[in-house]
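The values are calculated or read from the model by the stated rules, or taken from the named source; none is laboratory data. On a predicted model such as this, the values are computed, not experimentally measured, just so you know. We place every Cβ from the backbone using ideal geometry, glycine too, and count neighbours over all the protein chains shown. For the accessible areas, the whole protein counts, side chains as well, though only heavy atoms, and no ligand, DNA or RNA atoms are used. Shrake-Rupley method; radii C 1.70, N 1.55, O 1.52, S 1.80 Å.
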Amino acid sequence: MSKYDKEYFFVRKSKATGLPFLVPDANTEDRRFRYEAQAVGSPPLVFTNGWKDKFKAEKIKSTTPDILFAGADMVVRQPIREKLLTLSVPGMSLHPAVYIDDDGAWHEDYWYVTFTGRLDCWDRENSEYDEDEPPVELGGFQLHQVYTYSLNEKLLDDIPQDQRLLFKMGGDLNAFVVCHQSLAAILRGNGGSGAELQCVADY
């Protein structure tokens with residue numbers, strides 16, 4: 001086990017009932033927002049709940065916590081955005097986002113968190129991944145199916161801590177957002193933020 005495996009956490013969607021599954025509208029889908037910073041002043045990214053019909057059929061009330069998820073990517077409310085901006089995270093871009101809930105109400109105080117680069121820091125020798133299958137080529141990246149993670153000590157030792165507080169995991173199909181333990185309180189909130197943090201060592 002790496003010394004970093006208990007210092008870092010995967011930021012994942014909470015299992016709480018009622019959390020929407022964000023899907024972009026047609027205009028947003030065409031904007032390559034998952035990998036590229038959006039131009040300042042360009043329109044907000046717009047999302048709806050892809051599980052709207054499922055929620056309606058099962059009589060589930062959709063919720064709007066401080067953090068929503070579009071796949072592995074985060075959409076955060078303004079107070080969290082302000083805290084993240086103080087960190088000067090390399091390669092992180094935040095763009096205005098709108099979530100239109102199941103009742104048609106517009107929630108305009110969200111920001112989509114894009115990472116224009118990824119930090120491939122999982123250790124190939126001490127992590128478990130599918131070595132028999134060639135990596136998937138996607139968006140210029142070679143991505144593996146990883147089953148358990150151990151972080152590369154030498155690589156992380158060479159990066160100042162303030163430059164690796166928050167990043168998107170590279171070389172991995174899961175593409176989780178990863179945070180240092182010092183950010184846990186910001187992203188976990190009081191436990192109802194919409195996100196859950198899973199220690200890398202426990203994945």
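Of note:
- Residues (open to solvent by 40 Å² or more (accessible area, probe 1.4 Å) and either in contact with a strand residue (DSSP E or B) (Cβ under 7 Å, 6 or more places away or on another chain) or aliphatic (A, V, I, L, M) (or both)) located in segment 68-86: 78, 81, 85
- Test for residue 53: is it part of a helix (DSSP H, G or I) and acidic (Asp, Glu): yes
- Among the residues of this structure, residue 91 counts as one that is touching a Ser or Thr at 6+ places or on another chain (Cβ under 8 Å), surrounded by 13 or more Cβ atoms within 10 Å (Cβ to Cβ) and not hydroxyl-bearing (Ser, Thr, Tyr).
- Pairs with Cβ under 6 Å, 6+ apart, first in segment 162-182 and under 13 Å from residue 89 (Cβ atoms), second among the β-branched types (Val, Ile, Thr) and crowded, with 16+ Cβ neighbours inside 10 Å: 166/89; 167/178; 168/177; 177/11; 179/11
- Residues in segment 12-31 that are surrounded by 13 or more Cβ atoms within 10 Å (Cβ to Cβ) and touching an Asp or Glu at 6+ places or on another chain (Cβ under 8 Å): 12, 13, 14, 20.
- Residue ID - least open to solvent (accessible area, probe 1.4 Å), chosen from residues in segment 1-11 that are of a type outside the set (Val, Ile, Thr) and within 12 Å of residue 196 (Cα to Cα): 10
- Residue 59 without any contact (Cβ under 8 Å) to a residue 24 or more places away in the chain, assigned to a loop (DSSP other than H, G, I, E, B) and open to solvent by 80 Å² or more (accessible area, probe 1.4 Å): yes
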